[in-house]
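*Asks:* Take a look at the following structure, please.
The values are calculated or read from the model by the stated rules, or taken from the named source; none is laboratory data. None of the values given here were measured: they were computed from a predicted structure. No Cβ is skipped: glycine too gets one built from the backbone with ideal geometry, and neighbour counts run over all protein chains shown.
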Amino acid sequence: MIPVPLTAAQRESVAAEAEAKLFEGQEPLNRPVTLYEATARSLKYQMEYRVKMMEQAVALGQLDVGKFDMLPKLTANAGYSTRSNDSFGFGFAPNGTIAANPSASQERTRETSGVSFTWSVLDFGLSYYRAQQLADQNLIAEERRRKALQNLVQDVRLAWWKSEAAQRLLPQIDELLEEVDLAIEKSRVIENRKLLPPMQTASLRRGLLDLEQQISMRRQDLAQSRVELAALLNVPPGTQVQIEPPSRFPAATLELRTRMETLEAVALRNRPELGEEAYKTRVNESEARRAVLALFPNLNLDVSSNYDSNRFLVNNAWTSIGASVAFNLVKVFSLPAVNRSAEAQRKLDEARRLAMGMAVMTQTRIAAVRYSLLAHEFGVWDQATRDDEQIVGYLASSAEVGIDSEFELIRAKARQLVSKINRDITYANLEAALGKIYNSVGLDALPSQVDSHATDALAEQLQARLVGWENENFAPKAPPLELAVMIGETDGVPPALADGFRAAIVRILELSKIKVAGSGEGKLTINSAVVLEPPRDGGRPARVKVALIDAQSGDVRFSSEFKTTLSEPVDEEQWRTLGEGAAYRVIGPVARLQAGRVVTQKKLSAPWGDPDLKLSRTTADTIAPGGRPEAAAADPGSLNLRVARELAWPAVERMSKIELGVSLAQ
């Protein structure tokens, strides 16, 4: 047989057919879509998912066919035969004498027919196990369909949120890039006319080019996400899918509360990969039983009813019954090898299943950790965006107008846009990380039986299921604690200057928005001490030590020290400066404790002999994650306690909720 390639006309026909069938029968996409509407539409029309559904249908059809192999064989036959002459033959007597005259007992032309019923016991057993394997293959196809659905929901979630950011940011990016290009051209004119020093002009232009490069790279990511969303919704790739602006941004304000052990247990029960491995084990077990069964004797039963039109027969119709047994004695010797092969396969299946279980548990934990890390990263970018907006505002309202200030304003706008792009892309990744938690535990976005296959109905069911699971396992992040601070011991400070030293500490704390309480009213106590060393080289070396003490337990939450050199004589202003330095040392730790984040103990370089400061105690180097009095009594297995030690949970005030809601809706 010679291979026959497709002709140009055939290729054109295939292409036209594909283009026509790809999008036929779909609901028109003529309005902005929400996340759940986009997900529902992708579940209905996305081609790769439809392929998985067809694979399951094929597996079910093979199972239906395989069931018939277990039935006995009922065969009907009919025949017609003729020959050119009669089938004469010579008979012979018992003594061996050959008859003188030939004779025939069969007509030259005749018809035959019959119905036979045949049943092989061995074939029945083999077909039974084969049907079991096909049933398990159908279940494997179902698990693969579930996994495809879960991955599709995850992919749509990421593409939708990135497209939402692209819909808002791409016009701003194009406008700013045009402004940057004009500024770069202006810099070349300035350079040619020598209005600024050449080094300054080149540096300004280089900074603009760096920012333009960063923006261009991010623009590629955003533009590509719109094409990816169109493909997931199975609309023509050039279609600009309009996004319905979201009314809430839950990923930025939620915290996972369910125990990690609970999530891992749910994942081990629900993940399609583990279900697929279990079914594969059953398939291999059935194959091992088939291999052993094939060694058994084969019993065949045969019942047939026959008819022959030959008029020379005394009985033209008859019934026959037969039974036969066949046993391959040589094949029996392969039984030990068959058993060894089955045992090796069983161990392999178990090892593969355990490896998959470990991978599932790891993926679940990584999903939770990644969500926490991205939440912190989003808080950082959100703070950077707000700071860049303030810088742009200051530069725009500056009274000084000049070439360099104009360039600096453009650079500030570009940095602000880069921060905004990074913030919004990080938020899209944060939403994807939230969806990855759903995916890692094997959550099915739809129930096994849906009420309606209409897109709106599917979207409502998707939203109800996902939001319900979110409400069960997530909770809003707790607001920052208000840990009032008391000023405690101030050793080494002259009594006449102690009030000024303490006032300097209070002043810095209040400027940092840290509440200062009176004696006995605060949660934390700041103890400090100053050690003045003998004068040396015209100065007075000094060591300032500060400790943050839990007012209730007396445990040291943080301690640190710094060295400086004072001028002689040490006046009141220098003592106030030392107090401010001591306050700056504890501002960060207090803020971290208020945000529920971990504070690591910094050991002092030398022992401090004052027992009142309790710096020698090491029973509580870090405050309990969460920073709340009730955190110590919380479940030690919760994600908040087990993961937050390594993570920096962002403070709620670092997320500009109002600004986020406004800017993302622009």
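*Asks:* Please go through the range 436-456 and pick out each residue that is farther than 18 Å from Arg271 by Cα and without any contact (Cβ under 8 Å) to a residue 24 or more places away in the chain.
*Replies:* Gln449, Val450, Asp451, Ser452, Ala454, listed by residue number.
*Asks:* Exactly one condition in (1) surrounded by fewer than 13 Cβ atoms within 10 Å (Cβ to Cβ); (2) under 40 Å from the mean Cα position of the chain (by Cα); (3) at pLDDT 85 or above is not met by Thr39; state its number.
*Replies:* Unmet condition: (1).
*Asks:* Could you list, in sequence order, all residues of the range 574-594 that are in contact with a Phe, Trp or Tyr (Cβ under 8 Å, 6 or more places away or on another chain) and more than 17 Å from Lys545 (Cβ to Cβ)?
*Replies:* Across the range 574-594, the qualifying residue is only Arg576.
*Asks:* I would also like to ask the following. Which residue pairs have Cβ atoms closer than 6 Å, lie 6 or more positions apart in sequence or on different chains, and pair a first residue in the range 286-304 that is within 30 Å of Gly114 (Cα to Cα) with a second residue that is in a helix (DSSP H, G or I)?
*Replies:* If the second residue must be in a helix (DSSP H, G or I), the pairs left are Asn298/Leu122; Leu299/Val121.
*Asks:* So, in the range 376-395, how many residues would count as being closer than 20 Å to Thr426 by Cβ, modelled with pLDDT under 90 and of a type in the set (Gly, Ala, Ser)?
*Replies:* Residues meeting the conditions: 1.
*Asks:* Starting from the range 132-146, keep only residues that are closer than 19 Å to Ala288 by Cβ, then list their pairs with residues that are at pLDDT below 85 and not small (Gly, Ala, Ser) whose Cβ atoms are within a distance under 8 Å, requiring at least 6 positions of separation or different chains.
*Replies:* Leu134/Gln62; Leu134/Leu63; Ala135/Leu63; Gln137/Gln62; Gln137/Leu63
*Asks:* Tell me which of these Ala323 doesn't satisfy, since it passes every other one: (1) in contact (Cβ under 8 Å) with a residue 40 or more places away in the chain; (2) within 30 Å of Glu111 (Cα to Cα).
*Replies:* Result: Ala323 passes all but (1).
*Asks:* Sticking with this structure for a sec: Can you tell me which condition Val506 does not meet? The list is (1) of a type in the set (Val, Ile, Thr); (2) surrounded by 18 or more Cβ atoms within 10 Å (Cβ to Cβ); (3) in a helix (DSSP H, G or I), and all the others hold.
*Replies:* In the conditions (1) of a type in the set (Val, Ile, Thr); (2) surrounded by 18 or more Cβ atoms within 10 Å (Cβ to Cβ); (3) in a helix (DSSP H, G or I), Val506 misses (2) alone.
*Asks:* Would you pick out the residues in the range 540-587 that are of a type in the set (Val, Ile, Thr), under 23 Å from Ser512 (Cβ atoms) and not in a helix (DSSP H, G or I)?
*Replies:* Val544, Val546, Ile549, Val556, Thr564
*Asks:* Sticking with this one: Enumerate the pairs (first residue in the range 237-251 and modelled with pLDDT under 85; second residue anywhere and hydrophobic (A, V, I, L, M, F, W, C)) with beta-carbon separation below 6 Å, excluding pairs fewer than 6 apart on the same chain, so at least 6 apart or on different chains.
*Replies:* Pro237/Val227; Pro237/Ala230; Thr239/Ala230; Ala251/Leu430; Ala251/Leu434
*Asks:* Now, a different point. Could you check the range 80-110 and list, in sequence order, the residues that are surrounded by 11 or more Cβ atoms within 10 Å (Cβ to Cβ) and closer than 30 Å to Leu301 by Cα?
*Replies:* Within the range 80-110, Ser81, Gln106, Arg110 qualify.
*Asks:* Identify, by number, the condition in (1) under 18 Å from the mean Cα position of the chain (by Cα); (2) surrounded by fewer than 17 Cβ atoms within 10 Å (Cβ to Cβ); (3) among the acidic types (Asp, Glu) that Glu228 doesn't meet.
*Replies:* (2)
*Asks:* Starting from the range 417-435, keep only residues that are under 12 Å from Ala166 (Cα atoms), then list their pairs with residues that are surrounded by 23 or more Cβ atoms within 10 Å (Cβ to Cβ) and of a type in the set (Gly, Ala, Ser) whose Cβ atoms are within a distance under 7 Å, requiring at least 6 positions of separation or different chains.
*Replies:* Cβ pairs passing all conditions: Asp424/Ala165; Ile425/Ala165; Ala428/Ala165.
*Asks:* Name the single residue, out of those in the range 470-489 being among the aliphatic types (A, V, I, L, M) and under 40 Å from the mean Cα position of the chain (by Cα), that is farthest from Gly554 (Cα to Cα).
*Replies:* Top of the filtered list is Ala475.
*Asks:* Also, quick follow-up: Take the conditions surrounded by 18 or more Cβ atoms within 10 Å (Cβ to Cβ) and over 30 Å from Leu195 (Cβ atoms) and apply them to Asp451. Does it pass?
*Replies:* Here the answer is no, as Asp451 does not meet what is asked.
*Asks:* Could you list, in sequence order, the residues of the range 343-355 that are surrounded by fewer than 18 Cβ atoms within 10 Å (Cβ to Cβ) and touching a residue at least 12 places away in the same chain (Cβ under 8 Å)?
*Replies:* Those that are surrounded by fewer than 18 Cβ atoms within 10 Å (Cβ to Cβ) and touching a residue at least 12 places away in the same chain (Cβ under 8 Å): Gln345, Arg346, Glu350, Arg352, Arg353.
*Asks:* Given the condition over 14 Å from Trp575 (Cβ atoms) and in contact with an Asp or Glu (Cβ under 9 Å, 6 or more places away or on another chain), answer yes or no: does some residue in the range 488-505 qualify?
*Replies:* yes
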